[in-house]
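Encoded as structure tokens, the structure appears first; notes follow it.
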Amino acid sequence: MIRNIIRLLICIMLFGSVPLPTTGIVYTSSVEAAQKKKSSGKKTKKKSKKKSKKKSKKKSKKKKSSKKKKSSNKASAEPVQSPSPIKKGPKIDVASYADELFILTGQLAASNKEMTKATRYLYQERPQKKVLRINAKPFLTTGDYEIDARNNQDNIYIQRQLGLHYESIGNWEGAKDIYLREVTKDPTNPDVHFYLGSFYAALGEYEKAKHSFEEALELDPDHKGTIDAMAMYTSTPDQRVLSQDILGMSSKRVPDGPAQKLTIIRQRISEGRFADAQRLAEEGHHNFPTHHGFVQLIGETHLALGNVEDAKASFQRAIKLNAKDKAPHLSLAKIYFDLGKYVYAALSFSDVIFLDPTDIESRYMQGLSYFNADEWGRAAAAWEDLLHYRPDHGLIRVLLPQTYYILAIEYNRLGNPTMGRQSFKNALSINPDTGQWLPGSMAALGKYYREKRMYRQSVAAYQEVIELNPMAADAYMGMGITYWNMDEKQMARSSWETSMAIQPDNNESRGWLILFQQGS
């Protein structure tokens with residue numbers, strides 16, 4: 001292709017150097033041809049006149065002479081145009097241009113080779129990635145657990161998984177049948193007694209649980225599962241009594257065992273001697289590293305001493321040692337909630353719910369954490385699940401409609417009225433008494449808009465609360481904070497003074513007024 005272009009350029013240059021005929025030359029040749037035609041025509045006329053008019057020779061001669069004169073005059077009058085001068089440009093040396101063109105062509109070919117070499121990876125045929133369809137594994141169903149347990153009758157741990165599944169779905173009788181059958185099948189295994197005791201403890205039947213735990217400790221005074229479980233039984237007075245009895249029994253049988261250490265640590269904590277309890281817990285973990293109950297106690301003592309970050313690290317370490325234990329998950333969730341890290345608190349409460357689906361308090365706290373984090377949809381989903389376990393939960397029948405109403409307002413603001421209407425219907429279906437939850441919804445929206453710097457919407461929301469409940473001191477306080485952020489100092493002071501007039505012991509409003517006085 002390049003060679004053809006070069007040849008074409010050389011031909012154009014060669015033809016351009018040859019001068020072409022101009023219009024002047026063409027014109028002179030046409031004049032000469034016209035004169036020849038006139039002369040030949042005159043000769044033919046003379047011959048015809050001689051034949052036809054022999055008598056009037058003199059007259060014809062005169063006419064001929066006059067015509068000759070006229071023709072000569074015309075010929076002399078019509079000058080022959082000379083050809084126009086040709087403007088010649090600079091002379092072109094074809095050989096030098098061809099040589100230069102050849103050199104440039106060689107350089108272009110070399111640069112093309114270098115470019116091809118540099119970009120060869122762009123044109124290589126890369127192996128196409130095959131899109132594989134990834135099918136997520138579904139959760140095991142009850143039938144899957146039952147088939148697995150039926151095929152492994154002698155595997156106590158698979159039977160335990162089926163029992164835990166029955167507990168998670170509320171099939172308590174099915175779980176009890178499994179544990180009783182395993183105790184009958186292998187009464188010398190301390191694990192089966194521990195499983196049965198944990199089941200009774202989950203139902204709140206602590207006396208039966210105590211009997212099962214005692215059987216486990218009689219077979220193995222240092223039974224890890226039982227001792228670790230007793231270290232975590234501190235939520236209710238009944239659990240604490242059970243824990244003290246079982247740990248005391250183990251410490252009597254094995255004075256130097258972990259149970260004796262745990263008992264002493266519990267006594268130190270109850271006496272308020274947290275530093276001593278922490279020291280003993282660290283020693284116990286060093287001597288018995290497989291017992292994660294000591295790590296949990298280390299975290300509790302750190303928390304009691306005010307070392308929040310150390311306590312959080314201890315609880316996280318306890319989770320790594322035994323992720324199936326509920327206590328460290330719950331302790332970590334409470335720390336996150338107290339720190340205001342509501343999303344992380346909700347995730348930790350989710351772990352607690354996974355281990356114990358019947359924990360109503362954790363379900364409530366999960367939804368509240370999402371609510372405080374302005375995750376309205378997730379809060380609604382968490383509280384909807386809670387209603388399946390506790391349909392008559394009083395707080396949920398107020399907070400869940402608030403959440404749905406907030407969702408309705410937000411959907412309408414974002415241009416989705418269909419979802420807004422559906423959310424409002426959901427709120428009314430849970431609690432049609434709007435007076436119970438509507439002011440709370442608008443107060444939550446006022447705070448939410450203020451955090452997003454939507455100050456006008458925040459003020460409007462608080463004003464709506466005041467219209468619904470003129471004695472809402474918190475609404476005046478919240479509106480004052482919004483005015484303060486808007487740099488409306490006097491309006492803020494007026495709102496806080498109104499809040500103090502309605503509720504004189506409102507310490508938060510008093511604090512804002514003190515801040516206003518210091519700033520002025």
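Summary of computed values
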| quantity | calculated |
| --- | --- |
| Residue that is nearest to Ile353 (Cα to Cα), among those in the stretch 366-420 that are small (Gly, Ala, Ser), in a loop (DSSP other than H, G, I, E, B) and out of contact with any helix residue (DSSP H, G or I) (no Cβ under 7 Å at 6 or more places or on another chain) | Gly394 |
| Single match in Lys129, Lys208, Lys185 (criterion: of a type in the set (Lys, Arg), in contact with a Phe, Trp or Tyr (Cβ under 6 Å, 6 or more places away or on another chain) and at pLDDT below 90) | Lys208 |
| Residues of the stretch 278-293 classified as assigned to a loop (DSSP other than H, G, I, E, B) and buried (at least 16 other Cβ atoms within 10 Å of the Cβ), total | 3 |
| Subset of the stretch 158-200 [more than 18 Å from Thr142 (Cβ to Cβ) and of a type in the set (D, E, K, R)] | Glu182, Lys185, Asp186, Asp191 |
| Any hit, the stretch 248-261, residues being outside the structural domain of Leu196 (by TED's automatic domain parsing), among the polar types (S, T, N, Q) and crowded, with 22+ Cβ neighbours inside 10 Å | yes |
| Subset tally (residues that are assigned to a helix (DSSP H, G or I) and either among the aliphatic types (A, V, I, L, M) or in contact with a Phe, Trp or Tyr (Cβ under 8 Å, 6 or more places away or on another chain) (or both)) for the stretch 149-172 | 12 |
| Residue identified as of a type in the set (Ser, Thr, Tyr) and modelled with pLDDT under 90 among Thr403, Thr301, Thr358 | Thr358 |
| Any chance Thr234 is under 22 Å from Val352 (Cα atoms), surrounded by fewer than 18 Cβ atoms within 10 Å (Cβ to Cβ) and of a type in the set (S, T, N, Q) | yes |
| Asp148 at pLDDT 85 or above, more than 30 Å from Ile10 (Cα to Cα), loosely packed, with under 15 Cβ neighbours inside 10 Å and touching a helix residue (DSSP H, G or I) at 6+ places or on another chain (Cβ under 9 Å) | no |
| Spans of helices (runs of 4 or more DSSP H) in the stretch 209-277 with at least 2 residues touching a residue at least 12 places away in the same chain (Cβ under 8 Å) and closer than 21 Å to Val183 by Cβ | 224-232, 237-253 |
| Answer from Ser509, Ser429, Ser441 - the residue that is surrounded by 15 or more Cβ atoms within 10 Å (Cβ to Cβ) and modelled with pLDDT of 90 or more | Ser441 |
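Okay, residues lined up against (1) aromatic (Phe, Trp, Tyr); (2) closer than 18 Å to Ala444 by Cα; (3) free of Cβ contacts under 8 Å to residues at least 40 places away in the same chain; (4) not in a helix (DSSP H, G or I):
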position: Asp474; (1), (2), (3), (4): no, yes, yes, no
position: Tyr483; (1), (2), (3), (4): yes, yes, yes, no
position: Thr498; (1), (2), (3), (4): no, no, yes, no
position: Asp505; (1), (2), (3), (4): no, no, yes, yes
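One line per residue, one yes/no per condition, for (1) in contact with a Lys or Arg (Cβ under 8 Å, 6 or more places away or on another chain); (2) crowded, with 18+ Cβ neighbours inside 10 Å:
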{"residue": "Asp325", "(1), (2)": "no, yes"}
{"residue": "Pro328", "(1), (2)": "no, yes"}
{"residue": "Ser331", "(1), (2)": "no, yes"}
{"residue": "Ile335", "(1), (2)": "yes, yes"}
{"residue": "Phe349", "(1), (2)": "yes, yes"}
{"residue": "Ile360", "(1), (2)": "yes, no"}
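The values are calculated or read from the model by the stated rules, or taken from the named source; none is laboratory data. Not measured: the values here are computed from a predicted model. Ideal geometry is used to build each Cβ from the backbone, glycine not excepted, and the neighbour counts take in all protein chains shown.
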